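Read the structure below first, then the notes.
The values are calculated or read from the model by the stated rules, or taken from the named source; none is laboratory data. Note that the structure is predicted; figures quoted are calculated from it, not measured. When we count neighbours, we look across all protein chains shown, and the Cβ atoms used for this are built from the backbone with ideal geometry, even at glycine. Surface accessibility is based on the protein's heavy atoms, side chains included, excluding ligands, DNA and RNA. Shrake-Rupley method; radii C 1.70, N 1.55, O 1.52, S 1.80 Å.
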Amino acid sequence: MAVLPIRISGDPVLHSPALPVETIDDELRTLVDDLFETMDAAPGVGLAAPQVGVGLRVFTYGWVDEEGTKWRGVAINPELWITPPPAGEPDIDEEEGCLSFPGERFGLRRAEHAILRATDLEGKPFEIEAHGWLARIFQHEFDHLDGTLYTDRLGERDQKIVAKISRKLGWGRPGQQWMPGVDDLEG
Ligand code: ZN
């Protein structure tokens, strides 16, 4: 197992659709181990394979909800059904962040309910009905597999701030990455 460097916005792998997983083999098991370890080290509540430079439809998630229920797992070749996101401006508690645009948060409206269908590491299909923040995590990670960052979904004003931050930090071009535990950008 290893903590992997996390690609930063601008790297092509983050902006291209990922490919379906064809076989669950040792290589994939190692990738999933590394995704969990990297997600925990960052720390983050979800991590998609493209964020560590692998263009495959896999993400991990790990989150404890308000009732203390632990949600933790891997979704291989996921499908996601969502309700329409509510209209209007996001509330303060709808601020989202991304390990591929580290250290920043922006408000974003997301669907309140989502159904995730995917395969686990044993090749078994599973389904989770998610609400609230877990639904948000699934939507965020699922987006990564289609080459979409949450910053792509922001309004015009926030997009301008995103572009400004990118310019200032030298992001928005290929090959930029950071190392959890070393660069400490999400601390
Ligand atoms: Zn993200």
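Overview of values
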{"item": "Options Glu96, Glu79; residue that is within 15 Å of the ligand (Cβ to nearest atom), among the acidic types (Asp, Glu), part of a strand (DSSP E or B) and modelled with pLDDT of 95 or more", "result": "Glu96"}
{"item": "Lone qualifier among Gly107, Gly181 - being under 23 Å from Asp34 (Cα atoms) and touching a helix residue (DSSP H, G or I) at 6+ places or on another chain (Cβ under 8 Å)", "result": "Gly181"}
{"item": "Conditions (1) open to solvent by less than 40 Å² (accessible area, probe 1.4 Å); (2) assigned to a helix (DSSP H, G or I): number failed by Gly44", "result": "(2)"}
{"item": "Lone qualifier among Gly97, Gly107, Gly181 - being touching a residue at least 12 places away in the same chain (Cβ under 8 Å), surrounded by 13 or more Cβ atoms within 10 Å (Cβ to Cβ) and under 21 Å from Thr60 (Cα atoms)", "result": "Gly97"}
{"item": "Subset of the stretch 110-134 [away from the ligand (no atom under 16 Å from the Cβ), charged (D, E, K, R) and either open to solvent by less than 20 Å² (accessible area, probe 1.4 Å) or part of a strand (DSSP E or B) (or both)]", "result": "Arg117, Glu127, Glu129"}
{"item": "Arg157 vs. criteria charged (D, E, K, R) and crowded, with 16+ Cβ neighbours inside 10 Å", "result": "no"}
{"item": "Thr60 vs. criteria surrounded by 17 or more Cβ atoms within 10 Å (Cβ to Cβ) and in a strand (DSSP E or B)", "result": "yes"}
